[in-house]
1. Which one of 20, 42 is in a helix (DSSP H, G or I) and more than 28 Å from residue 74 (Cβ to Cβ)?
2. (1) more than 13 Å from the chain's Cα centre (by Cα); (2) surrounded by 12 or more Cβ atoms within 10 Å (Cβ to Cβ): which one isn't true of residue 38, the others all being true?
3. Do we have any residue at all in region 33-52 that's closer than 19 Å to residue 9 by Cβ and at pLDDT 90 or above?
4. Give region 53-76 a look and list any residue that's over 19 Å from the mean Cα position of the chain (by Cα), under 26 Å from residue 8 (Cβ atoms) and surrounded by fewer than 10 Cβ atoms within 10 Å (Cβ to Cβ), or say none.
5. Within region 1-35, track down each residue that is surrounded by 10 or more Cβ atoms within 10 Å (Cβ to Cβ), out of contact with any helix residue (DSSP H, G or I) (no Cβ under 9 Å at 6 or more places or on another chain) and without any contact (Cβ under 8 Å) to a residue 24 or more places away in the chain.
């Protein structure tokens with residue numbers, strides 16, 4: 001778990017530096033963009049979670065067993 005957190009921190013820091021250097025904007029906008037750039041992947045994760053929750057309601061025969069299997073795998077692996 002520590003390795004994952006370390007990798008995420010390094011990735012975040014690289015993204016901040018990249019946004020500060022490569023973005024074509026004024027300094028204030030570059031700082032805000034560099035600090036908020038992880039919201040894009042977070043929005044993707046939230047969207048997928050909502051779609052999975054809706055699919056359980058729309059297709060319960062298929063998705064309820066799939067969610068149970070994913071939960072068991074998650075528990076076993078993490």
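1. Of the residues listed, the single one that is in a helix (DSSP H, G or I) and more than 28 Å from residue 74 (Cβ to Cβ) is 20.
2. That leaves (1) as the condition not met.
3. Checking region 33-52: at least one residue is closer than 19 Å to residue 9 by Cβ and at pLDDT 90 or above.
4. Result: 75, 76.
5. Hits for region 1-35 are 6, 7, 8, 9, 10, 11, 13, 14, 29, 32.
The values are calculated or read from the model by the stated rules, or taken from the named source; none is laboratory data. Just so it is clear, the structure is predicted and the values come from calculations on it, not from any experiment. Glycine also receives a Cβ, built like all others from the backbone with ideal geometry; neighbour counts cover every protein chain displayed.
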